[in-house]
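One structure is given below, encoded as structure tokens.
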Amino acid sequence: MEIVEDIVIVGAGIAGLTTSLGLHRLGIRSLVLESSDRLRITGFALSTWNNAWKALDAIGIGESLRHQHHLTPSILFASTNLDQPVSEISYKGHEVRCLQRRLLLETLANELPSDTIRFSSKVVSIEESGFLKRVHLSDGTILKTKVLIGCDGVNSVVAKWLGFKKPVFTGRLAIRGYTNFKDGHGLGPKFRQFVGKGLRFGFLPCNDEDFHWFLTWTPSTKDEELEDDPVKLKQFVMSKLEDIPNEMKSVVEKTQLDAILSSPLKYRRPWELLWGNISKGNVCVAGDALHPMTPELGQGGCAALEDGVVLARCIAEALLKPGGEETNGKIVDEEEEYRRIEIGLKIFAQKRRWRSIDLISTSYMVGYIQQNNGTIINFLRDNLLSRFLPGMLLRKGDFDCGKLKY
């Protein structure tokens, strides 16, 4: 069976749904393909900064999400090598919240027409078909589309078609957990981070009841067996908490086993984006398919939201006439429409290339320094980086992707 769609987005994650909703707000329909049978909410929560909230406001869902997540007033940055906290930096004047991934994805999906997301739709191959692309699904369905957008994560089929290599393993792993306190956690709204001995812990309250935490570290060979066993994951984390305050230990202790997961930290080598094809003809990538990065800046999800707004705007400029009417084959011939789409996606690539390179590179270097256990690096981190890092987090997050309408 062959189906024709104007715009096909592969992946119903943050970037894919944001792009689809942005297009919907502009009066343009898209079809989102999701390989899973439901929305995937792995990851539990994400840090969101000014840039994320500007993007969420642009697509019209910022206010509803604000009501469900507390404003984070400050970050407490501490070294497990020292007795006292190194620094506490105020977030005054900045909008920082720990956003529940499930609520974000559900809010995005609920704002879309009911037939936008096609679940259990795994893309297996892509091929040329004149000015269109033919997208083959695992169930035998073939879709023909004017615009193909890959938001299909670190193992992106679309990124592979564009010529990108698979993201590289950094040699570090992350364990993430999510704890619900029905009677309230009573720990306040601050973001707490502890670094030292090759480990990085973070504890982020979402609201009065929900707490997100993470641990990143460089594993030994014996640690590799932890990945699929939540019992061992929890035991491992608890064994590393000896230098962490007891109130933070209680957060991990009360985490249910089905709310703990482990994943390798991967990133795209920045120089691949210098000469790689972020777009090619009527195909492009966004989100983790474009810029997989390590989590030290807390910008992976934020950058995906930025991508969605910018991409929707660029596609709208290509497909809508100045009067706001959508073009079609009767008004604009296929070659002209293809050329306009190609230009629109090139503009998107140009706007997102250096932003992506900056975030990937900075995240990787901060992670390297934070988790290095050498004497000199430890000294520099505890006495210099600890004072510099919070301000850098705010600067990287103080980015404006612009309004949705062009």
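Roughly how many Å is it from the Cα centre of segment 291-308 to that of segment 337-372, as a whole number?
10 Å
Identify which of Asn155, Asn51, Asn110 has the largest mean-square fluctuation in a Gaussian network model of the chain, with springs joining Cα atoms closer than 10 Å.
Asn110
What are the ³J(HN,Hα) couplings of segment 116-133, residue after residue, when phi is run through the Karplus curve with 6.51, -1.76, 1.60 and θ = phi - 60°? Round to Hz, x for glycine and proline.
Running phi through 6.51 cos²θ - 1.76 cosθ + 1.60 with θ = phi - 60° gives 6, 9, 10, 7, 6, 10, 8, 7, 10, 6, 9, 9, 6, 8, x, 8, 10, 10 Hz.
Got a number for carbon plus sulfur as a percent of the chain's accessible area, 1.4 Å probe?
Numbers: 8900 of 17520 Å².
Answer for the chain: carbon and sulfur cover 51 percent of the accessible area.
Could you report segment 93-206's accessible area per residue, 1.4 Å probe, as an integer in Å²?
40 Å²
Could you give the size of the charge dipole of segment 177-274 about its Cα centre, using +1 on the Cβ of each K and R and -1 on the Cβ of each D and E, expressed in debye and rounded to the nearest 20?
Charge dipole of segment 177-274: 400 debye, to the nearest 20.
So, in segment 21-147, how many Lys pairs have Cα atoms under 22 Å apart, if the pair is 8 or more places apart or on different chains?
Close lysine pairs under the 22 Å cut-off: 6.
Decide, for segment 148-211, between rounded, prolate and oblate: order the square roots of the alpha carbon gyration tensor eigenvalues as a ≥ b ≥ c, take rounded if a/c falls under 1.5, and otherwise choose prolate if a/b is larger than b/c, else oblate.
oblate
Evaluated at 10 °C with a viscosity of 1.306 mPa s, what Stokes-Einstein diffusion coefficient in µm²/s does segment 242-308 have when Rh comes from the Kirkwood expression over alpha-carbon pairs?
In µm²/s, the coefficient rounds to 105.
For segment 141-156 and segment 62-125, what is the separation of their C-alpha centers, rounded to whole Å?
Result: 26 Å between the Cα centres.
How far is helix 14-25 tilted off the main Cα axis of the chain, in degrees rounded to 10, range 0 to 90?
In the chain, helix 14-25 runs at an angle near 40 degrees to the longest axis.
As I understand it, the dipole of the chain uses +1 on the Cβ of Lys and Arg and -1 on the Cβ of Asp and Glu, about the Cα centre. Which of Ser129, Ala15, Thr218 lies farthest toward its positive end?
Thr218
In terms of Cα to Cα distance under 17 Å, which lysines are near enough to Lys234, apart from those fewer than 8 places away along the same chain?
Lys222, Lys249, Lys254
Kindly provide the helix-only [θ] at 222 nm of the chain, computed as the sum of -39,500 (n - 2.57) over DSSP H runs of four or more divided by all residues, to the nearest 500 deg cm²/dmol?
When only DSSP H runs of four or more count, the value is -11000 deg cm²/dmol.
Counting heavy atoms of the protein chains only and a 1.4 Å probe, report the per residue accessible area for segment 1-75 as a whole number of Å².
For segment 1-75, the per-residue accessible area is 35 Å².
The values are calculated or read from the model by the stated rules, or taken from the named source; none is laboratory data. Please read these numbers as outputs of a predicted model, since none were measured by experiment. Neighbour counts run over all protein chains shown; Cβ positions are idealised from the backbone, glycine included. Ligands, DNA and RNA are excluded from the accessible area calculation, which covers all protein heavy atoms including side chains. Shrake-Rupley method; radii C 1.70, N 1.55, O 1.52, S 1.80 Å.
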